[in-house]
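Visitor: Provided herewith is a single structure, encoded as structure tokens, for subsequent inquiry.
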Amino acid sequence: MPNFAFLTNNLFTTYTLEVDFPRIYKFDENKQKAQATLDSIKALYDKEKFSKQNEHQFEDDFIAKVLDILGWHSIRQEEKIIQGKLDKPDFLLFSDTDSKKAYYAIEKEQRKATNCQ
């Protein structure tokens, strides 16, 4: 197995990357879908345009669209208590619309401290 230069942690072994992940995530079966997804993301990328944008514009024009392509449902700039501090993460991610709806059903003040659904 090759030595991956980026693999300098204890989270994954080369076996995990070369054997486990392809089997678990069915790389061979999903290759066309993955390529189509990558192509969609690459089509959005415009280095010249993005280099002139501020963070919020870049999030609107690229990050939010990539999250959508990847199938995430998101909420922007929702106040959350993170490690005891009130913060506004750029995105909250939900795996499906039902999870997002359930989150919105929580009273706004309670949502600040709710990190799972």
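Here, each number is a calculation from the coordinates, and none is a lab measurement. Since this is a predicted model, take the numbers as computed values, not measurements. Using ideal geometry, Cβ is built from the backbone for each residue, glycine included, and neighbour counts are taken over all protein chains shown.
Visitor: Within the chain, which is the longest segment containing none of the chymotrypsin sites (Phe, Trp or Tyr not before Pro) that sit in a DSSP loop and have at most 11 other Cβ atoms within 10 Å? It would help to have the intermediate numbers written out before the result.
Guide: Numbers: sites that count: F6, Y25, Y45.
With a cap of 11 other Cβ atoms within 10 Å, the longest stretch comes to 46-117.
Visitor: In a Gaussian network model over the chain where Cα atoms closer than 10 Å are linked, find which of I106, I41, I75 has the largest mean-square fluctuation.
Guide: Maximum among the listed residues: I106.
Visitor: Here's a follow-up. So between K108 and T16, what do we pick up on full extension, going 0.36 nm a residue minus the alpha carbon distance?
Guide: Details: separation 92, 0.36 × 92 = 33.12 nm, distance 4.07 nm.
This chain segment gains 29.0 nm when fully extended.
Visitor: Before anything else, pin down the relative contact order of the chain: Cα pairs under 8 Å, at least 6 apart, normalised by residue count, whole percent.
Guide: Numbers: 77 pairs, mean separation 17.3, N = 117.
Once divided by the residue count of the chain, the mean separation gives 15 percent.
Visitor: Starting from region 11-117, pick out the GluC sites (Glu not before Pro) whose DSSP state is loop and whose Cβ has at most 10 other Cβ atoms within 10 Å.
Guide: Numbers: sites: E18, E29, E48, E55, E59, E78, E79, E107, E109; in loops: E78, E79, E107.
Those that pass, being in a loop and sparsely packed, are E107.
Visitor: Cα atoms only: what Rg and Dmax, in Å, come out for the chain?
Guide: That works out to 18.3, 51 Å for Rg and Dmax.
Visitor: Run the dipole for the chain about the Cα centre, Lys and Arg Cβ at +1, Asp and Glu Cβ at -1, nothing else charged, and hand back the magnitude in debye, nearest 20.
Guide: Dipole of the chain, to the nearest 20 debye: 80 debye.
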